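Trainee: Can you read through this structure? Questions will come right after.
No lab work stands behind these numbers, since they all come straight from the coordinates. The structure displayed is predicted, hence computed values, not measured ones. FYI the Cβ positions are ideal-geometry reconstructions off the backbone, even for glycines, and counts take in every protein chain you see.
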Amino acid sequence: MTGIKTGIHRETRMTRFLTTTALALSMMGTAAMAEPVKVGMITTLSGGGASLGIDTRDGFMLAVEKAGNPDLEVHIEDDQRKPEVAVQLSDEMIQSEDVDVLTGIVWSNLAMAVVPGAVRQGKFYLSTNAAPSQLAGKGCHENYFSVSYQNDNLHEAAGQYATDEGFGRMFIMAPNYPAGQDSLSGFKRFYEGEVANEVYTQLGQTDYAAEIAQIRDSGADALFFFLPGGMGISFMKQWAEAGIDMPVVGPAFSFSQDILPAIGEAAVGVKNTAQWSKDIDNEANAAFVAAFEEKYDRLPSLYAAQGYDTARLLLSAMEKADVSDADAFREALRAAEFDSVRGDFAFGPNQHPVQDIYVREVISEEGQLTNKIVATAMEDRGDAYAEECSM
């Protein structure tokens with residue numbers, strides 16, 4: 001059975017969500033019940049980045065509900081995109097609720113605040129999104145798995161695409177936080193042209209008039225930007241109003257399905273890079289897209305796909321090992337024996353994915369904006385930091 005409770009957080013007075021997924025006891029007969037695996041999902045459910053966390057949650061819970069595993073409990077909390085809230089929630093989940101696994105954080109600054117402490121306390125962390133370079137290299141840990149990518153990856157692919165297209169002078173821009181810094185580092189790693197200007201914006205910024213003026217005057221022949229969530233919506237609307245005729249390249253985060261309707265026609269034709277797209281041709285992906293659209297009455301985004309795969313990875317490990325045996329459970333996670341919506345999926349030596357990364361184009365399809373794959377930018381890409389990991 002499924003129970004849902006709400007309450008008020010003592011410190012932040014925010015709404016709490018507690019979701020427990022189980023089958024009715026009558027369906028279990030007299031079989032002995034194992035101790036459930038307790039998952040603490042901390043994600044962004046309010047404010048400017050809420051659509052990212054909502055899709056993460058909905059993708060994860062779709063997989064949980066489809067599996068119907070009675071030995072899995074999921075506790076969901078809103079971090080409000082605030083590191084101090086995320087840390088407080090993590091501490092409560094670990095100390096009071098004794099969770100086994102943490103997951104769900106969207107933003108890399110929040111991940112850096114939560115993950116190191118959680119894994120040092122013997123908890124597993126499965127990242128549905130944020131994967132900063134610090135946790136892929138020297139800060140890697142045997143209990144930390146990124147199921148999404150390493151932060152640089154999609155930006156590396158964008159740099160490769162810009163090189164392949166012959167863009168000789170690029171203006172590049174991202175927010176000033178760990179994922180933004182990884183973004184521009186990743187882009188430059190594979191871009192062979194000249195960087196006209198490299199600009200870091202404020203996290204959560206909504207007014208880009210100054211940056212657009214800089215782009216106009218830069219002499220660049222193309223623009224690369226990483227501005228996830230509401231930041232990307234604000235920028236693209238102002239970019240369209242400015243009327244600058246320049247090719248735009250970005251990672252999927254800036255043109256994800258959850259924000260395309262808000263961006264509108266300004267996004268059509270933009271190329272973006274992703275390790276997932278709804279048109280990847282495999283059975284698991286087709287089933288996921290259909291089930292997500294049926295349940296939530298919208299197309300899934302990259303964040304939903306990552307949440308879904310993370311839950312399926314966890315469920316696959318639960319079939320092979322008990323979470324109380326940390327070594328066995330860790331090996332079951334490393335094996336990654338599940339059908340990913342991305343197709344081929346494996347972990348590299350630092351427990352980050354090795355996977356293909358695609359170029360997508362924003363199109364209008366049956367009256368709604370979405371993405372379609374137009375090329376493969378990288379095949380079997382790992383990450384640049386694995387050699388620094390001493391695991």
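Trainee: Report Rg(Cα)/(2.2 N^0.38 Å) for the stretch 170-316, keeping two decimals.
Mentor: Details: Rg = 16.7 Å, N = 147, 2.2 N^0.38 = 14.7 Å.
Against the empirical 2.2 N^0.38 Å value, I get 1.14 for the stretch 170-316.
Trainee: Kirkwood Rh, the stretch 218-261, all Cα pairs: how many Å?
Mentor: Details: mean 1/r = 0.0913 Å⁻¹.
Kirkwood hydrodynamic radius for the stretch 218-261: 11.0 Å.
Trainee: Counting other C-beta atoms within 10 Å, which of Glu265, Glu156 has the fewest, and how do the rest follow? If you can, show how the numbers build up before the last one.
Mentor: Working: Glu265 10, Glu156 29.
By the 10 Å Cβ count, ascending: Glu265, Glu156.
Trainee: Which residues make up the longest stretch of the chain clear of trypsin sites (Lys or Arg not before Pro) that lie in a DSSP loop with no more than 10 other Cβ atoms within 10 Å, not counting the sites? Don't skip to the end; give the middle numbers.
Mentor: Details: sites that count: Arg10, Arg13.
In the chain, the maximal stretch lacking such sites is 14-391.
Trainee: How big is the Cα convex hull of the stretch 64-167 in projection, averaged over all directions, in nm²? Before the final figure, lay out each step's value.
Mentor: Working: hull surface 35.4 nm².
Spelled out: convex hull of the Cα atoms, projected over all directions, averaged, 8.8 nm².
Trainee: Another question, then. Take Val374 and Ala290, extend 7 Å from each Cα along the Cα→Cβ direction, and tell me the distance between the two endpoints in nm.
Mentor: Taking the two extended label points, one gets 2.9 nm.
Trainee: Just checking my list (1) 49, 29, 21; (2) 35, 21, 21; (3) 32, 27, 20 against semi-axes √(5λ) of the Cα gyration tensor in Å computed from this structure; which label fits?
Mentor: Among (1) 49, 29, 21; (2) 35, 21, 21; (3) 32, 27, 20, the one calculated here is (2).
Trainee: Can you give me the P(r) profile for the stretch 308-350? Cα pairs, bins 10 angstrom wide beginning at 0, each as a whole percent.
Mentor: Spelled out per bin, shortest first, that is 31, 54, 15.
Trainee: When the Kirkwood hydrodynamic radius is evaluated over all pairs of different C-alpha atoms of the stretch 109-236, what value in angstrom, to one decimal, is obtained?
Mentor: Details: mean 1/r = 0.0639 Å⁻¹.
One over the average 1/r among Cα pairs gives 15.7 Å for the stretch 109-236.
Trainee: When we measure straight from the Cα of Lys82, which aspartates and glutamates land under 14 angstrom away, once same-chain ones fewer than 8 places off are left out?
Mentor: Within reach: Glu11.
Trainee: Under a straight-distance cross-link criterion of Cα-Cα below 17 Å, which aspartates and glutamates are reachable from Lys237, leaving out those fewer than 8 residues away in the same chain?
Mentor: Leaving aside aspartates and glutamates fewer than 8 places away in the same chain, those within reach of Lys237 are Asp207, Glu211, Asp245, Asp258, Glu265.
Trainee: Now for a different question. How many nm separate the modelled label positions at Gln202 and Arg120, each set 7 Å beyond the Cα in the direction of the Cβ?
Mentor: 3.2 nm
Trainee: Ranked by Cβ crowding within 10 angstrom, fewest neighbours first, how are Asp281, Asp152 ordered?
Mentor: Details: Asp281 9, Asp152 28.
The fewest-first ordering by Cβ neighbours comes to Asp281, Asp152.
Trainee: Could you give me the radius of gyration and the Dmax of the stretch 154-200, taking only the C-alpha atoms into account and expressing both in angstrom?
Mentor: 9.8, 29
Trainee: Sticking with this structure for a sec: In nm², what is the average projected area of the convex hull enclosing the Cα atoms of the stretch 167-257? Before the final figure, lay out each step's value.
Mentor: On the way: hull surface 21.3 nm².
Result: a mean projected hull area of 5.3 nm².
Trainee: I've got another one for you. Using the 2.2 N^0.38 Å rule of thumb for compact globular proteins, work out how the stretch 269-346 stacks up: its C-alpha Rg over that value, please. Numbers along the way, then the final one.
Mentor: Numbers: Rg = 14.4 Å, N = 78, 2.2 N^0.38 = 11.5 Å.
Expressed relative to 2.2 N^0.38 Å, the Cα Rg reads 1.25.
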